[in-house]
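Below: one structure, written as structure tokens.
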Amino acid sequence: MVERARQNLLNFIYSPKDLPLTAGFSIGFYMLLYYYSKNLGLANSLQQFTFFTCYYMFLPMVVLYIGYKIFRKINGGKFARQFLFIAIPLFTGFYLLQLSYIGISKRFFFVLLLVVITSLSFRLKQYYKFFILLIFFLSLFNLYPILEMGYIAATADEEWRKLPDDISNIVLKDRPNIYYIQPDGYTSFKNLKDANYNVDNAIFEGFLKDQGFTLYENFRSNYYSTLLSNTSMFSMKHHYIPEYVEQFAARNIIMGTNPVLKILKNNGYKTHFISEKPFMEMNRPQSNYDDSNYNYSNLPYLKDGWSINEDVFLHLQSRMHSQQAGGNFYFLEKFSPGHIHGLKVHSVGAAKEKDIYLKELKVANEWLTKTITYIEEKDPGALIIIAADHGGFVGFDYATQSREYTKNKLLVNSVFGVAMAIKWNTPKHKEFDAQLATSVNLFRTVFSFLADDQKYLKYLQEDASYIRTEKPEGLYKYIDEKGNVVFDKKE
């Protein structure tokens, strides 16, 4: 049986029949599996699948077929097979370089590949079909994670999304315009004072107090990433990081049907999403927002959107100028101060990463001051919420290092501690926010306040913070309900 398989492979390689379409298909098949095995969360829409099918599969098939036919007519077809020998690895290399983060110049690497393959082609061109077999074989390694994710999606348990009470039907007695401002990675006011950050933030915090904000100095996120934190917050429930949420479903929940948007719409709110970058919308989720500053048709396919920057303040001005008379909800996402570099390859070391973060903190404070001042001037009765998604990770060399267990309490707090301040416009909030400590309970508290009904506070979620670590591997509670740093594995 092994000998028969070997003979079939040799027959395929030495067959006089050329296969330009099969060669192009092998490239596309590999690249589709490769891309989706690593980027399903960024590209799980039909629109993107159609694009990548055309770009990765049909384009090389057409180019290789036409190129082969042209070279067949030149010099008696002497260079037709040489063209295929060169084109297959070059096409594959070009696609892979687009997705890579190699430290050297991609152009240099591509030219080097061209020189090497061209040199080999003069003596080995008749073996171009070996590339086809090799690419199909390598595709198998990308097939497994896709099948695994398909299984996860098919068997996903969404029981966690069910709310414990009827808050979805809550009727808000007061309907002020709500501005939820999320400065990415802005650590807690308490963290800024500790030995890890050690920065004087008194001017900005004083500004907030002068404007009537209540500051929650020891506020925390329940999860360690933007997507995981926002998924829990807008669901008003703990999800405990199920794989399908972590890998591909988070954006669909945040931007799509969730209890927060449902409650707002049930109470006549018009919802606006304004973001500096299209991070939440890169996979073109079916949005439940009435308005967004990004048009899906203008979003890139081959990039993750980090190079795009929109002026959130200008978009806010425009929408506030034409907003409906009452009941507007704004989700403003500003990617400052951000957090330290995520990967080790990009890190400049803990000390320099801290310096960069603190510079961006000043940028965030200036922007927040300008934005809040404008909202206050144009909409003095507004309810304004400032709440970051996660901490700044200052103290680590790089953010993903946080997934290695540490006993250092300052580092753990640096992951989860987030800036939190609310302008309630009435002291009555003290009857509702006494237990407000983490982001999962933010909107339940806000809606209870606006409905003037404390019964919904009976179902607050646990104020615990969770992380999925790699060393050791598993899901762990890192901070308990009382704010103590622990390391308890969740079964």
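Couple of notes before you dig in:
- Residue selected from segment 44-68 under the condition of a type outside the set (Phe, Trp, Tyr) and in contact (Cβ under 8 Å) with a residue 40 or more places away in the chain, by the criterion surrounded by the fewest Cβ atoms within 10 Å (Cβ to Cβ): Gln47
- Filtered residues of segment 460-472 (kept if over 22 Å from the mean Cα position of the chain (by Cα) and assigned to a strand (DSSP E or B)): Lys471
- Lone unmet requirement of (1) at pLDDT 95 or above; (2) more than 18 Å from Asn230 (Cα to Cα); (3) in contact with a strand residue (DSSP E or B) (Cβ under 8 Å, 6 or more places away or on another chain) for Asn425: (1)
- Residues in segment 473-485 that are within 12 Å of Lys407 (Cα to Cα) and surrounded by 14 or more Cβ atoms within 10 Å (Cβ to Cβ): 3 in all.
- Residue check for Lys173: outside any helix (DSSP H, G or I) and either over 22 Å from the mean Cα position of the chain (by Cα) or surrounded by fewer than 17 Cβ atoms within 10 Å (Cβ to Cβ) (or both): yes
- So Glu353, is it over 22 Å from Ser229 (Cα atoms) and touching a strand residue (DSSP E or B) at 6+ places or on another chain (Cβ under 8 Å): yes
- When residues in segment 196-214 are screened for being over 24 Å from Ser275 (Cβ atoms), crowded, with 17+ Cβ neighbours inside 10 Å and touching a strand residue (DSSP E or B) at 6+ places or on another chain (Cβ under 8 Å), 3 of them pass.
- Segment 340-384, residues that are out of contact with any helix residue (DSSP H, G or I) (no Cβ under 9 Å at 6 or more places or on another chain) and aromatic (Phe, Trp, Tyr): Tyr357
- Condition check for Glu217: outside the structural domain of Gly41 (by TED's automatic domain parsing), assigned to a helix (DSSP H, G or I), touching a residue at least 12 places away in the same chain (Cβ under 8 Å) and surrounded by fewer than 19 Cβ atoms within 10 Å (Cβ to Cβ): no
- A single entry from Gly381, Gly395 fulfils the requirement of being over 25 Å from the mean Cα position of the chain (by Cα) and touching a residue at least 60 places away in the same chain (Cβ under 8 Å): Gly381.
- In segment 426-459, the residues that are crowded, with 18+ Cβ neighbours inside 10 Å and assigned to a loop (DSSP other than H, G, I, E, B): Phe432, Asp433, Leu436, Ala437
- Scanning segment 62-91 for residues that are over 18 Å from Arg123 (Cβ atoms) and outside any helix (DSSP H, G or I) gives Lys73, Ile74.
- Matching entry among Glu376, Glu366 (being closer than 19 Å to Phe207 by Cα, touching a residue at least 60 places away in the same chain (Cβ under 8 Å) and not in a loop (DSSP other than H, G, I, E, B)): Glu376
- Tally, over segment 282-339, of residues that are closer than 26 Å to Asn44 by Cα, touching a His at 6+ places or on another chain (Cβ under 8 Å) and part of a loop (DSSP other than H, G, I, E, B): 3
- Qualifying residues in segment 229-249 (those that are part of a helix (DSSP H, G or I) and at pLDDT 95 or above) - the one surrounded by the fewest Cβ atoms within 10 Å (Cβ to Cβ): Ser235
Yes/no per residue for (1) among the β-branched types (Val, Ile, Thr); (2) part of a loop (DSSP other than H, G, I, E, B); (3) touching a residue at least 24 places away in the same chain (Cβ under 8 Å); (4) under 30 Å from Val415 (Cα atoms):
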{"site": "Leu120", "(1), (2), (3), (4)": "no, no, yes, no"}
{"site": "Ile135", "(1), (2), (3), (4)": "yes, no, yes, no"}
{"site": "Leu138", "(1), (2), (3), (4)": "no, no, yes, no"}
{"site": "Trp160", "(1), (2), (3), (4)": "no, no, yes, yes"}
{"site": "Gln182", "(1), (2), (3), (4)": "no, no, yes, yes"}
{"site": "Tyr197", "(1), (2), (3), (4)": "no, yes, yes, yes"}
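- Residue in segment 260-278 that is among the hydrophobic types (A, V, I, L, M, F, W, C), over 24 Å from Lys423 (Cα atoms), crowded, with 18+ Cβ neighbours inside 10 Å and assigned by TED's automatic domain parsing to the domain that holds Ile375 present: no
The values are calculated or read from the model by the stated rules, or taken from the named source; none is laboratory data. Please read these numbers as outputs of a predicted model, since none were measured by experiment. Virtual Cβ from ideal backbone geometry, glycine too; neighbours counted across all protein chains shown.
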